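Structure first, then comments.
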Amino acid sequence: MGLSIHYSGRIGNRASLPDLIEEVKDIANIHQWKLSVFKEEFPVQDDEGQLVDGELYGVAFSPPNCEPVWLSFLSNGQMSTPVALKFFGEQRDEDEKKYLYQLSTKTQFAGINVHQVIIHLLKYLKEKYLEDFVLLDEGQYWETNDKSVLEANFSRYTLLLDIVEDGLKNLPMKPGESMEAYFERMTKGLKRKGGQK
């Protein structure tokens with residue numbers, strides 16, 4: 001739980017992967033962010049877009065108090081992550097396989113300024129390197145470029161987290177109470193505290 005971005009896409013020109021990695025390395029070094037580099041060049045393949053060889057290509061970076069931002073790709077050029085590859089890489093079911101290509105990064109605890117930098121970087125990389133790139137920003141900064149909207153959304157998520165934390169501390173589970181009943185009771189208490197009916 002916490003404000004996040006959700007994204008998907010693919011690399012446009014496979015030969016540009018080393019350039020993308022170098023640019024991200026430079027940004028990460030400037031900001032002193034942790035960096036992970038995967039394989040730096042895609043394999044040669046005859047039927048481009050079909051091969052998934054079980055490897056990741058590209059880079060990921062982690063600002064302080066932020067989940068990794070994944071600029072990592074499967075050998076077919078689609079964005080993915082190590083966890084998605086592990087759990088969905090062998091999936092045959094199309095409904096399950098879609099999770100292989102859905103990425104998320106929680107920025108809630110990194111703060112507004114880091115969130116803004118990530119969004120600006122992703123906009124730049126989208127224009128230069130990525131295709132079919134789609135991003136849903138729970139802070140709505142991607143869509144609006146309005147810091148006041150982002151600040152309001154960060155505040156709302158922070159309040160929600162505080163209310164849930166307070167609920168967990170002050171509404172303990174009763175002996176013999178089922179999880180379902182507990183969460184129903186907690187939700188009602190949280191709604192009352194949050195001013196909802």
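The values are calculated or read from the model by the stated rules, or taken from the named source; none is laboratory data. None of the values given here were measured: they were computed from a predicted structure. All Cβ positions, even for glycine, are placed from backbone atoms using ideal geometry, and neighbour counts span all protein chains on display. Side chains included, ligands, DNA and RNA excluded: accessible areas come from the protein's heavy atoms. Shrake-Rupley method; radii C 1.70, N 1.55, O 1.52, S 1.80 Å.
Touching a residue at least 12 places away in the same chain (Cβ under 8 Å) and touching a Gly at 6+ places or on another chain (Cβ under 6 Å): does that describe Phe38? Yes; evaluated as a whole, the condition is true for this residue. Put simply, of Glu90, Glu55 the only residue that is acidic (Asp, Glu), free of Cβ contacts under 8 Å to residues at least 60 places away in the same chain and out of contact with any Phe, Trp or Tyr (no Cβ under 8 Å at 6 or more places or on another chain) is Glu90.
Step by step: first the residues of region 161-197, then only those that are of a type in the set (S, T, N, Q) and open to solvent by 90 Å² or more (accessible area, probe 1.4 Å), then the one that is modelled with the highest pLDDT. Which residue is that?
Of region 161-197, the ones of a type in the set (S, T, N, Q) are 170, 178, 187, 196.
From the residues that got through so far, the ones that are open to solvent by 90 Å² or more (accessible area, probe 1.4 Å) too are 170, 196.
On the way: Asn170: 70, Gln196: 50.
Residue satisfying both the conditions and the ranking: Asn170.
Selection of region 109-153 for residues being in a loop (DSSP other than H, G, I, E, B), surrounded by fewer than 16 Cβ atoms within 10 Å (Cβ to Cβ) and of a type outside the set (Phe, Trp, Tyr) yields Gly111, Gln140, Asn145, Asp146. In region 68-108, of all residues being open to solvent by 80 Å² or more (accessible area, probe 1.4 Å) and not hydrophobic (A, V, I, L, M, F, W, C), the one that is nearest to the chain's Cα centre (by Cα) corresponds to Gln102. So for region 9-31 (the condition being in contact (Cβ under 8 Å) with a residue 24 or more places away in the chain, assigned to a loop (DSSP other than H, G, I, E, B) and closer than 25 Å to Gln140 by Cα), does at least one residue qualify? The answer is no; no qualifying residue exists.
The residue that is modelled with the highest pLDDT, counting only those in region 93-128 that are touching a Phe, Trp or Tyr at 6+ places or on another chain (Cβ under 9 Å) and aromatic (Phe, Trp, Tyr), is Tyr101.
Could you please find all residues in region 63-87 being on the phi < 0 side of the Ramachandran plot, of a type in the set (Gly, Ala, Ser) and not in a helix (DSSP H, G or I)? Outline the logic, then answer.
Here is the first cut: in region 63-87, the ones on the phi < 0 side of the Ramachandran plot are 63-64, 66-76, 78-87.
If we keep only those that are of a type in the set (Gly, Ala, Ser) too, we end up with 72, 75, 80, 84.
Selection gives Ser72, Ser75, Ser80.
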